[in-house]
C-alpha cells in the first residue's frame with residue numbers, strides 16, 4: 001500500500017506567493033497539502049483555499065512553531081503515514097520532497113533537509129546565523145546537524161506522534177532536534193535546494209541571532 | 001534633609017505621582033485595581049520615595065537585617081530577588097501564551113472535517 005503523505009505549510013502573510021507554492025507542489029502529484037494560515041491579515045487563507053489546499057486558520061498569529069504543530073495535529077487526525085513540513089515563502093523546492101520520502105522508506109524516522117551539504121548561493125549573514133544556531137543546539141541538546149534551522153523536514157507517523165514541541169515561534173526547529181535525541185529517533189540529513197528570492201529576503205520574521213540567544217535563555221531558565 | 005539633590009526630588013516626585021495615580025484609580029474601583037496590587041504599589045513606591053528623600057532609612061534597614069557595613073550585600077540580594085521575579089513572570093507569560101495557542105489550535109482544527117477525505 002502506498003503511504004499517505006501530508007505536506008504541511010505554515011504561512012503568515014504569504015498571499016503573494018502561496019498560490020505558486022501550492023501549485024508547484026501539486027505539479028509533482030502531491031495532493032494532500034495542509035496550509036496553516038497563522039492569523040494572516042492578508043488573503044493567504046482564501047488564496048490557499050482557491051488553490052486547492054486544505055486550509056486551517058489560526059484566529060490570531062501564534063508563530064511558525066504553533067502553526068506546524070497545528071498541521072501535525074491535523075495529520076494525526078487524518079492518520080498520515082508521512083508528514084513533510086515545507087516553508088510557505090517559496091524558498092523550498094518540491095523536487096526535494098521525493099528525496100525526503102525515499103529516505104523515510106529506507107527506515108529513518110526523521111529526515112532533515114540541509115542547505116549546507118552542497119555548494120549553493122546562501123547569504124553570508126544566514127550562514128553565520130545558522131552556524132551559531134548549530135553550535136547552540138549542539139551544546140544544549142547534544143545533537144550536531146549542519147542545518148539546525150531548516151524548515152524542510154519529513155517525519156514518520158511514529159516520529160510525529162512522539163515528538164512533543166512546546167515553543168510557538170522559530171524555536172521549534174531546534175526543539176525538534178531535542179526530541180529526536182530524547183526519543184532516540186533515527187535521523188539523517190539530505191542536501192536540499194533553497195531559492196532565496198527578493199521576496200523571501202524581505203520578510204522580516206526570520207530567526208536572527210538575538211532570537212537564538214533568547215531561545216537559549218528561555219529553554220534554560222523557563223522550560 | 002540637608003543637601004537634597006535634584007535626583008532625590010525627581011525620584012520622590014515620580015513615586016508620589018504614581019501613588020496618587022493608583023490611589024485615584026483604586027478609589028474609582030477600576031477593574032484592574034485589586035487591593036493587593038494597590039498595596040504593593042503603595043509599599044514599593046512609598047519605600048523608593050522615602051529612601052530617596054531620607055537615605056538614612058536604608059542604613060536603618062541594613063542595621064536591622066544585620067548586614068553591618070556591607071551595604072553591597074543588600075544590593076546583591078535585591079538583584080537576586082529581581083532576577084528570580086523576572087523569570088517567574090516570564091514563566092507565567094509563557095504558560096498563558098501556551099494556553100492561548102491551545103485554544104487557537106482547537107478552533108483551527110474544527111475545520112479539519114473537509115480534509116478527512118484524504119486519499120490513501
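The values are calculated or read from the model by the stated rules, or taken from the named source; none is laboratory data. Every value quoted in this text rests on a predicted model; they were computed, and no experiment measured them. In this analysis, Cβ positions are derived from the backbone assuming ideal geometry, glycine residues included, and neighbour counts consider all displayed protein chains.
Does any residue of region B:87-99 turn out to be part of a helix (DSSP H, G or I), at pLDDT below 80 and under 30 Å from residue A:81 (Cβ atoms)? No, the conditions are met nowhere in region B:87-99. Only one of the numbered conditions (1) within 11 Å of chain B (Cβ to nearest Cβ); (2) within 18 Å of residue B:102 (Cα to Cα); (3) modelled with pLDDT of 95 or more; (4) under 17 Å from the mean Cα position of the chain (by Cα) is not met by residue A:33, and that is (2). Here residue B:66 meets the list (1) modelled with pLDDT of 85 or more; (2) more than 26 Å from residue B:8 (Cβ to Cβ); (3) surrounded by fewer than 11 Cβ atoms within 10 Å (Cβ to Cβ); (4) over 14 Å from the mean Cα position of the chain (by Cα) almost entirely, failing just condition (1).
One line per residue, one yes/no per condition, for (1) in contact with a strand residue (DSSP E or B) (Cβ under 8 Å, 6 or more places away or on another chain); (2) exposed (fewer than 11 other Cβ atoms within 10 Å of the Cβ); (3) free of Cβ contacts under 8 Å to residues at least 12 places away in the same chain:
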site: B:45; (1), (2), (3): no, no, no
site: B:61; (1), (2), (3): no, no, no
site: B:83; (1), (2), (3): no, no, yes
site: B:98; (1), (2), (3): no, no, yes
site: B:103; (1), (2), (3): no, no, yes
site: B:111; (1), (2), (3): yes, no, yes
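The sole residue among A:20, A:63, A:39 that is within 11 Å of chain B (Cβ to nearest Cβ), touching a residue at least 40 places away in the same chain (Cβ under 8 Å) and out of contact with any helix residue (DSSP H, G or I) (no Cβ under 6 Å at 6 or more places or on another chain) is A:63. Apart from one condition, residue A:100 fits all of (1) under 13 Å from the mean Cα position of the chain (by Cα); (2) more than 25 Å from residue A:190 (Cα to Cα); the exception is (2). For region A:164-190, a tally of residues being crowded, with 21+ Cβ neighbours inside 10 Å and assigned to a loop (DSSP other than H, G, I, E, B) returns 4. List pairs: first in region A:73-85 and at the interface with chain B (Cβ under 7 Å from one of its Cβ atoms) and in a loop (DSSP other than H, G, I, E, B), second surrounded by 24 or more Cβ atoms within 10 Å (Cβ to Cβ) and at pLDDT 95 or above, Cβ under 8 Å, 6+ apart or cross-chain? Going by the 8 Å Cβ cut-off, the qualifying pairs are A:78/A:6.
Does any residue of region A:151-159 turn out to be closer than 17 Å to residue A:65 by Cβ and at pLDDT below 90? Within region A:151-159 (the criterion being closer than 17 Å to residue A:65 by Cβ and at pLDDT below 90), the answer is no, since none of the residues qualifies. Is it the case that region A:45-55 has a residue that's at the interface with chain B (Cβ under 7 Å from one of its Cβ atoms) and either in a helix (DSSP H, G or I) or in contact with a strand residue (DSSP E or B) (Cβ under 7 Å, 6 or more places away or on another chain) (or both)? Yes, region A:45-55 contains at least one residue that is at the interface with chain B (Cβ under 7 Å from one of its Cβ atoms) and either in a helix (DSSP H, G or I) or in contact with a strand residue (DSSP E or B) (Cβ under 7 Å, 6 or more places away or on another chain) (or both).
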